[in-house]
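**Student:** Once you've had a glance at the structure underneath, I'll fire off some questions.
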Amino acid sequence: MASLTIRNLSKQFDSTPVLENIDLEIEDGEFLVLVGPSGCGKSTLLNIMAGLETATEGDVLIGGTVVNDVHPKDRDIAMVFQSYALYPTMTVRKNITFGLRVRKMPQQEIDQALDNVVDLLKIRALLERKPSQLSGGQRQRVAMGRALVRSPSIFLFDEPLSNLDAKLRAEMRIEIKRLHHRLATTAVYVTHDQIEAMNLASRIAVLESGRVQQIGVPQYLYDHPDNIFVAGFIGSPAMNLLPGTVVKRDGRMLFQSDDSAAKEIFPLEHYKFRAHPEEHARVVLGIRPEYVTLPDSGKQHVDTNLLVEAIESNGFDKHVTFRYGESEVTGRLPSHSNPTVGQNMRMTLDLSYASLFDEQTGNRI
């Protein structure tokens with residue numbers, strides 16, 4: 001096992017910046033997930049860690065040692081790809097042990113390493129099959145086995161589950177989490193799926209346009225996004241964002257919504273400001289869908305009438321899209337609730353975990 005450090009790293013293709021001033025400290029045994037939209041630079045960053053790409057500026061350190069000029073095969077890193085990258089003419093046994101045989105490891109040690117991996121991944125019955133005889137989930141297990149058999153100090157995963165269906169993705173997420181818990185090996189995992197990120201990560205690094213927007217433990221990013229991009233990207237359904245203005249009345253700091261005909265006033269006494277805004281400052285209020293609920297007795301809440309526009313049910317709850325002035329607001333209602341399209345509903349906007357952002361910069365205030 002080893003720590004992995006990215007220090008002041010930038011990457012350009014021709015004159016186009018892909019990564020800008022990336023700094024990451026990944027601790028020994030940590031599971032870091034790089035998440036962001038397509039084209040944000042996360043796979044390029046992973047390839048630089050692996051030595052498959054070179055950085056334009058900055059350093060990659062493994063265990064405190066700069067490895068910029070170290071060949072990929074000498075970095076003690078194993079990589080699991082989206083495409084599995086299995087040899088079609090080889091059996092599962094030969095696919096998993098190929099790298100060990102190339103290194104001329106003694107056969108007894110190869111057999112022992114294979115024995116450990118196949119039990120860990122529950123693929124012993126597949127050893128004499130070829131990739132064409134395997135399901136997508138089985139192929140991914142074999143690809144992971146090929147990485148695990150080397151006992152590397154660092155695992156790199158490049159969107160390994162994106163080719164699987166929803167059920168298999170959920171199953172493989174659990175398997176990967178179990179493996180990391182048992183092996184406690186440093187891992188970096190790239191995905192555009194924020195649900196994968198929330199479920200797998202010790203910490204998440206959110207990338208956008210080649211820059212790290214925020215890094216932290218999953219729940220903190222969810223509850224305290226640093227900016228509007230993170231607020232909208234982390235969470236499904238996404239955070240509701242309502243434009244408005246900061247006002248003061250009788251010494252109280254309040255949020256006045258743009259989007260209600262009544263220009264509703266929301267209390268902000270509970271909110272922990274990073275920097276107090278000026279009166280009449282333009283801001284955006286963020287509320288997670290689970291805090292747009294049926295009326296209750298929450299300590300910090302506003303009751304309002306919302307028009308139901310669409311309903312989605314997943315069995316254990318309902319995602320309801322409401323019209324709120326010129327905006328749409330999504331709420332998360334219990335499965336036994338019975339909203340109907342076109343209905344005006346009295347709803348509670350619970351502000352206990354609200355976020356407030358500067359409208360111009362997009363940053364949390």
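The values are calculated or read from the model by the stated rules, or taken from the named source; none is laboratory data. Just so you know, these numbers come straight off a predicted model, no measurement behind them. No Cβ is skipped: glycine too gets one built from the backbone with ideal geometry, and neighbour counts run over all protein chains shown. In case anyone asks, the SASA skips ligands and DNA or RNA and just uses the protein heavy atoms, side chains included. Shrake-Rupley method; radii C 1.70, N 1.55, O 1.52, S 1.80 Å.
**Student:** Amide H to amide H, which residues 5 or more places from Q82 or on other chains are under 5 Å from it, using H placed in the peptide plane?
**Tutor:** Here the answer is D158, since their amide H atoms fall under 5 Å of that of Q82.
**Student:** Before anything else, pin down the relative contact order of the chain: Cα pairs under 8 Å, at least 6 apart, normalised by residue count, whole percent.
**Tutor:** This gives 15 percent for the chain.
**Student:** A further question follows. When every alpha-carbon pair in the stretch 137-234 is counted, what percent end up more than 21 Å apart?
**Tutor:** 36 percent
**Student:** Next up: Compute the distance from the alpha-carbon center of the stretch 317-349 to that of the stretch 239-286, in whole Å.
**Tutor:** Using only Cα atoms, the two centres lie 22 Å from each other.
**Student:** Across 10 Å bins from 0, what is the distribution of all Cα-Cα pair distances for the stretch 207-256, in whole percents?
**Tutor:** The distribution over the stretch 207-256 is 21, 39, 27, 12, 1, given as percents.
**Student:** Next question, about the same structure. Along its principal axes, what span do the Cα atoms of the stretch 234-312 show, with the longest given first and each in whole Å?
**Tutor:** Projected onto the principal axes, the Cα atoms of the stretch 234-312 cover 40, 28, 24 Å.
**Student:** Related question: Please get the size of the charge dipole for the chain, origin at its Cα centre, with Cβ charges of +1 on Lys and Arg and -1 on Asp and Glu, quoted in debye to the nearest 20.
**Tutor:** Magnitude of the dipole: close to 1460 debye.
**Student:** If we restrict to alpha carbons, what Rg and Dmax does the stretch 315-365 come to, in Å?
**Tutor:** Every Cα atom of the stretch 315-365 included, Rg and Dmax give 14.1, 41 Å.
**Student:** Then there is this: So what's the chain giving for Cα Rg divided by 2.2 N^0.38 Å, two decimals?
**Tutor:** Here the answer is 1.18, to two decimals.
**Student:** Taking only protein heavy atoms into account and a 1.4 Å probe, give the accessible area per residue of the chain in Å².
**Tutor:** 48 Å²
**Student:** What list of ³J(HN,Hα) values in whole Hz, one per residue of the stretch 125-131 in order, does the Karplus curve 6.51 cos²θ - 1.76 cosθ + 1.60 (θ = phi - 60°) give from phi, with Gly and Pro shown as x?
**Tutor:** Coupling constants for the stretch 125-131: 5, 9, 4, 9, 8, 9, x Hz.
**Student:** Express the relative contact order of the stretch 222-365 as a whole percentage, based on alpha carbon pairs under 8 Å and six or more residues apart in sequence.
**Tutor:** 28 percent
**Student:** Still on this structure, I have one more. How long are the three semi-axes of the equivalent ellipsoid of the stretch 1-98, in whole Å, if each is the root of 5 times an eigenvalue of the C-alpha gyration tensor, listed from largest down?
**Tutor:** The equivalent ellipsoid of the stretch 1-98 has semi-axes of 26, 17, 13 Å.
**Student:** In whole Hz and in residue order, list the ³J(HN,Hα) couplings for the stretch 203-212 that follow from phi through the Karplus curve 6.51 cos²θ - 1.76 cosθ + 1.60, θ = phi - 60°; x for Gly and Pro.
**Tutor:** Each residue of the stretch 203-212 in turn: 9, 10, 10, 8, 10, 8, 6, x, 10, 7 Hz.
**Student:** Follow-up question, since we're still on this one. Could you sort out which of K42/K177; K122/K177; K248/K272; K73/K167; K272/K318; K177/K272 sit more than 26 Å apart by Cα distance in this structure?
**Tutor:** The answer is K73/K167; K272/K318; K177/K272.
**Student:** Still on this model: Grab the other residues whose beta carbon is less than 11 angstrom from that of D59, score K and R as +1, D and E as -1, and report the net.
**Tutor:** Net local charge, D59 excluded: -2.
**Student:** How big, on average over all directions, is the shadow cast by the Cα convex hull of the stretch 75-204, in nm²?
**Tutor:** Result: a mean projected hull area of 7.7 nm².
**Student:** May I pose another question? Ignoring ligands, DNA and RNA, what percent of the 1.4 Å accessible area of the stretch 174-213 is carbon and sulfur? Before the final figure, lay out each step's value.
**Tutor:** Values: 800 of 1680 Å².
Here it works out to 48 percent.
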